[in-house]
Amino acid sequence: MNCPHAKKCNGCQLLNLSYEEQLSHKQARLIALLGRYCHVDEIVGMEDPYHYRNKVQAAFCSKNGKVSSGVYQSATRRVVEVDSCIINDSTADGIVLTVRELCPRFKIKPYDLRTGKGYLRHVLVRRAFATGEVMCVLVTASGAFPSARSFVNELLRRHPEIKTVVHCVNRTETGLFLGKSTDVLYGDGYITDKLCGLEFRISARSFYQVNPIQTEKLYSCAKEFAALTGKERLIDAYCGTGTIGLIMADKCSSVLGIEVNKDAICDARINAKQNGISNAEFFAADAGAVMDELASAGEHFDTVITDPPRAGCSYKFLKSLATLAPDRVVYVSCNPETLARDLGILRKLGYKAERIRPFDMFPHTEHVETVVCLTRK
């Protein structure tokens, strides 16, 4: 599929390859990076690798006196105008276009990062693929939202699928950042999606995988690699809103989820409650520090699952993990380079990689998600 924005946007680096060639390219790269640790399974691709993103962020700016929206060009603050994207959810793209169209009518001007003038900075739209519920987040500079009620009413009239509208204020110079101030303009401030048979609440700041089709496969693989029997005590480090831990809970004795983000922990506890899961606890804390405390107290956990950000795990975290000494570790990675580094550290700390299975979570881009099963030697 041709993309008219490819050369300007640079977001999809592999569009010059067919999808089969993209998968081969990623497979070869993963073997080169990870093959020294153990066999790398064949990458799990998508049947339809288009319009898979359930989260769309559009930056707003002014061009020739007109309101424009799109994506930041790679490594710059220049906004490339985009009406529709081949990897974005089409409903979300349509809502962004409606907001763009309504701005002049309600005298809302885009924010200019260079001058600090204007109001609307960017729009975030999330759609739950399983339920169809949609969240629209309007991110602005400081100040009251002009004609907020009328603006939201017109947005809902055109898009009745929207379940909630949230207003966030970003006072920083960072582009796609929600800011700390949040006001719910319509609805409950969250949407609900279904994943692996469970329901998950998603708020404006919740971390939630952007490709739900591949996420189900990814999490099912993580559960397979965990090899749970129902007796295990499990730690879900970097647990976010608790998705992985809660999906594992039916095959565990107990689940302990740890995450530094307090908003995410709040969502995780609500997710556990609404799914009737009573053997999972969630705490806002540093996972490495908690594992050190548990090890000092003589506690034993059979399995640790970790799903860190792109920077991977710190050495301190991995050392704490080895000190706790779980029998099995399941590492979910979104960056093969930092994964290769961390697997080398874990090998020195006494863990051996047994299975490696990659997933094409982000077709047409260089990004890959990988699940690794490690056992203690």
Original post:
Do the conditions hold for residue 94, that is, is it under 26 Å from residue 173 (Cβ atoms), not in a loop (DSSP other than H, G, I, E, B) and not hydroxyl-bearing (Ser, Thr, Tyr)?
Top reply: no
Original post:
How do the strands (runs of 3 or more DSSP E) wholly within region 299-377 filter down when requiring 1 or more residues that are free of Cβ contacts under 8 Å to residues at least 40 places away in the same chain and either farther than 23 Å from residue 240 by Cα or of a type in the set (Gly, Ala, Ser) (or both): which remain?
Top reply: 328-333, 351-359
Original post:
Taking the stated definitions as given, is residue 36 assigned by TED's automatic domain parsing to the domain that holds residue 120, outside any helix (DSSP H, G or I) and surrounded by fewer than 16 Cβ atoms within 10 Å (Cβ to Cβ)?
Top reply: no
**OP:** Specify which of the listed residues (161, 216) is modelled with pLDDT of 95 or more, more than 16 Å from residue 267 (Cβ to Cβ) and more than 19 Å from the chain's Cα centre (by Cα).
**Re:** 161
Original post:
Looking only at region 163-182, which residues are part of a strand (DSSP E or B) and either touching a helix residue (DSSP H, G or I) at 6+ places or on another chain (Cβ under 9 Å) or exposed (fewer than 14 other Cβ atoms within 10 Å of the Cβ) (or both)?
Top reply: 165, 167, 181
Original post:
What are the residues in region 1-18 that are over 12 Å from residue 366 (Cα atoms) and surrounded by 14 or more Cβ atoms within 10 Å (Cβ to Cβ), if any?
Top reply: 3, 5, 6, 8, 9
**OP:** Would you mind stating whether residue 190 is in the same structural domain as residue 136 (by TED's automatic domain parsing), among the hydroxyl-bearing types (Ser, Thr, Tyr) and touching a Lys or Arg at 6+ places or on another chain (Cβ under 7 Å)?
**Re:** yes
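Can residue 220 be described as in the same structural domain as residue 284 (by TED's automatic domain parsing) and either touching a residue at least 24 places away in the same chain (Cβ under 8 Å) or more than 30 Å from residue 150 (Cα to Cα) (or both)? Quick ask: steps written out before the conclusion?
Working: in the same structural domain as residue 284 (by TED's automatic domain parsing): yes; either touching a residue at least 24 places away in the same chain (Cβ under 8 Å) or more than 30 Å from residue 150 (Cα to Cα) (or both): yes.
Judged against the criteria, residue 220 is a match.
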Original post:
Within region 253-276, how many residues are without any contact (Cβ under 8 Å) to a residue 40 or more places away in the chain and either hydrophobic (A, V, I, L, M, F, W, C) or farther than 21 Å from residue 321 by Cα (or both)?
Top reply: 11
Subject >> Tally, over region 3-33, of residues that are in contact (Cβ under 8 Å) with a residue 40 or more places away in the chain and part of a helix (DSSP H, G or I) >> reply: 10
**OP:** Could you check how many residues of region 181-205 are farther than 21 Å from residue 140 by Cβ and hydroxyl-bearing (Ser, Thr, Tyr)?
**Re:** 1
Original post:
What number of residues within region 229-281 satisfy the criterion of being of a type in the set (A, V, I, L, M), within 18 Å of residue 307 (Cα to Cα) and in a loop (DSSP other than H, G, I, E, B)?
Top reply: 1
Original post:
Of all residues in region 115-162, which are of a type in the set (D, E, K, R) and outside any strand (DSSP E or B)?
Top reply: 117, 133, 149, 154, 157, 158, 161
**OP:** For residue 262, work out the one condition from (1) more than 25 Å from residue 197 (Cβ to Cβ); (2) modelled with pLDDT of 95 or more it doesn't fulfil.
**Re:** (2)
Original post:
Would you call residue 125 under 20 Å from the mean Cα position of the chain (by Cα), in contact (Cβ under 8 Å) with a residue 60 or more places away in the chain and either closer than 15 Å to residue 183 by Cβ or not assigned by TED's automatic domain parsing to the domain that holds residue 88 (or both)?
Top reply: no
**OP:** Report the residue count in region 292-342 for those that are among the charged types (D, E, K, R) and in contact with a Lys or Arg (Cβ under 7 Å, 6 or more places away or on another chain).
**Re:** 2
**OP:** Spot the failing condition for residue 134; the list is (1) touching a residue at least 60 places away in the same chain (Cβ under 8 Å); (2) under 22 Å from residue 51 (Cβ atoms), and only one is missed.
**Re:** (1)
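In the list 284, 280, 297, 311, which residue meets the criterion of being surrounded by 13 or more Cβ atoms within 10 Å (Cβ to Cβ) and either hydroxyl-bearing (Ser, Thr, Tyr) or out of contact with any Leu (no Cβ under 8 Å at 6 or more places or on another chain) (or both)?
Answer to the selection: 284.
The values are calculated or read from the model by the stated rules, or taken from the named source; none is laboratory data. Owing to the predicted nature of the structure, the values given are computational and were not obtained by experimental measurement. Positions of Cβ are generated from backbone atoms using ideal geometry, with glycine treated the same way; all protein chains shown enter the neighbour counts.
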